[in-house]
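The values are calculated or read from the model by the stated rules, or taken from the named source; none is laboratory data. This one's a predicted model, so the numbers in the text were calculated from it and none came from an experiment. As a convention, Cβ positions derive from the backbone with ideal geometry for all residues, glycine included, and neighbour counts pool all protein chains shown.
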Amino acid sequence: MIEWGASGVTLGIETSCDETAAAVVIGGGDIRSSVVASQVDVHATFGGVVPELASRAHLEVLTVVVQRALEEAGLTFQAPEVPAIDAVAATVGPGLVGSLLVGVSEAKALALAWGLPFVGVNHLEGHLFAALLDHRDLPWPLVVLLVSGGHTVLISMEGPGRYRQLGQTLDDAAGEAFDKVARFLGLGYPGGPAIEAAAASGDPQAFAFPRAMLDEGLDLSFSGLKTAVVHAVRRSPEASNADVAASFQQAVVDVLVAKALRGAEDVGAGGLCLAGGVAANELLRASLSAACEELRLPVYVPSLAMCTDNAAMVAAAGWFQLRQRGPSPLDTGAQPNLRLPLLP
């Protein structure tokens, strides 16, 4: 069981991709503010995130977002006065290097100016903490299905900082597959919500799309599914986007649920958590909840605000990291390929 603190105010900053976010969290779990500035409109024209545009957008709004987060938490101040916080945490990786540099630079500058510890947080570890912000005193070990645009990984979480990787995608992440299929179908960006909206009026049984590696271990693969969608549409150009989207979405969810349940069974998990942007998908949330209820396995689904990239999860992860491992050096840089720290 996590020892939640009654004190310890952390300012979190998140700029790993296309969301500019700042948050104030007390004791690793009490969210006092969470501000997110989306860049969806910036990238929609291009059908995906343009790294250079993302980093420029972060530069334009990050200081304002940080100030709003402090004000909403009741921590207004006037320079050179130092706000009543105890640490500054920021995502250092993985992510887009230009975007990461913006957040890391601002966080280190604030920590240095205010004389506070700086904590560099792994973005994936932040997502693991997202469910903990909505649910306290979870039973260990937990299995976390982390599904986003850049990552699809199955983690056994034995406690804060204690992780074992059970499986991962061998090619496309689930969110990446959603984006690519949505782009192919002309549904727009971001792909996850676009596919979900189109699928609402479609028949999930219209196309028998493959469920790759469904009965093979805990790794996943979505590249072949994406290719199958392309071939199916070319063979049947009269097919409705709704049917294609519904059948594709069902195939993805079937695999994710099967792998998550198998992982939970393998480690004797006390519960199963969802995390990441794709965790906002209603079919995935409902299907996993129904399957876990049938097995009498507790399931913990984060709020929609905690699914997408946010700084509250970064602040929470940073607070626990500071207590366990101390502050990060101020020469810590952006690490776009940073891996989740795993137990041997």
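For segment 259-284, how many residues meet the condition of being out of contact with any strand residue (DSSP E or B) (no Cβ under 6 Å at 6 or more places or on another chain) and under 14 Å from L295 (Cβ atoms)?
6
Among the residues of segment 262-281 satisfying the criterion of being surrounded by fewer than 21 Cβ atoms within 10 Å (Cβ to Cβ) and either in contact (Cβ under 8 Å) with a residue 24 or more places away in the chain or under 17 Å from the mean Cα position of the chain (by Cα) (or both), which is nearest to M313 (Cα to Cα)?
Out of the qualifying residues, it is G271.
Between residues in segment 194-219 that are in the same structural domain as A173 (by TED's automatic domain parsing) and farther than 20 Å from K180 by Cα and residues that are of a type in the set (K, R) and crowded, with 21+ Cβ neighbours inside 10 Å, which pairs lie under 8 Å by C-beta distance while being six or more apart or on different chains?
Filtered contacts from segment 194-219: L218/K259.
For V119, all conditions in the list (1) assigned to a strand (DSSP E or B); (2) assigned by TED's automatic domain parsing to the domain that holds T227 hold save one; what is the number of the exception?
Here V119 clears every test but (2).
Residue under question is G74, and the condition is that it be in a loop (DSSP other than H, G, I, E, B), surrounded by 19 or more Cβ atoms within 10 Å (Cβ to Cβ), in contact (Cβ under 8 Å) with a residue 40 or more places away in the chain and assigned by TED's automatic domain parsing to the domain that holds A111; does it hold?
No: the conditions fail for G74.
Go over the candidates L284, L322, L288 one by one and state the one that is within 18 Å of the chain's Cα centre (by Cα) and either closer than 30 Å to L100 by Cβ or not assigned by TED's automatic domain parsing to the domain that holds S156 (or both).
Just one listed residue meets the conditions, L284.
Of everything in segment 154-179 that's in a helix (DSSP H, G or I) and among the charged types (D, E, K, R), which residue is surrounded by the fewest Cβ atoms within 10 Å (Cβ to Cβ)?
Here the answer is E176.
Restricting attention to segment 15-34, which residues are assigned to a strand (DSSP E or B), within 24 Å of A194 (Cα to Cα) and either outside the structural domain of R68 (by TED's automatic domain parsing) or of a type outside the set (D, E) (or both)?
Correct list: T20, A21.
Tell me the residue from V257, V314 that is crowded, with 17+ Cβ neighbours inside 10 Å, β-branched (V, I, T), modelled with pLDDT of 95 or more and outside the structural domain of V65 (by TED's automatic domain parsing), please.
On inspection, the qualifying residue turns out to be V257.
Could you tell me whether V65 is part of a loop (DSSP other than H, G, I, E, B), more than 17 Å from A317 (Cβ to Cβ) and among the β-branched types (V, I, T)? Don't jump to the end; show me each part of the working.
Numbers: part of a loop (DSSP other than H, G, I, E, B): no; more than 17 Å from A317 (Cβ to Cβ): yes; among the β-branched types (V, I, T): yes.
No; evaluated as a whole, the condition is false for this residue.
Failed condition for G186, given (1) within 26 Å of V49 (Cα to Cα); (2) in contact (Cβ under 8 Å) with a residue 60 or more places away in the chain, with all others met?
That leaves (2) as the condition not met.
When only residues in segment 192-206 that are assigned to a helix (DSSP H, G or I) and out of contact with any Leu (no Cβ under 9 Å at 6 or more places or on another chain) count, which is surrounded by the fewest Cβ atoms within 10 Å (Cβ to Cβ)?
Selected residue: P193.
Table: residues versus (1) buried (at least 16 other Cβ atoms within 10 Å of the Cβ); (2) under 15 Å from L142 (Cβ atoms).
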| site | (1), (2) |
| --- | --- |
| R296 | no, no |
| P302 | yes, yes |
| C307 | yes, no |
| W319 | yes, no |
| Q324 | no, no |
| Q335 | yes, no |
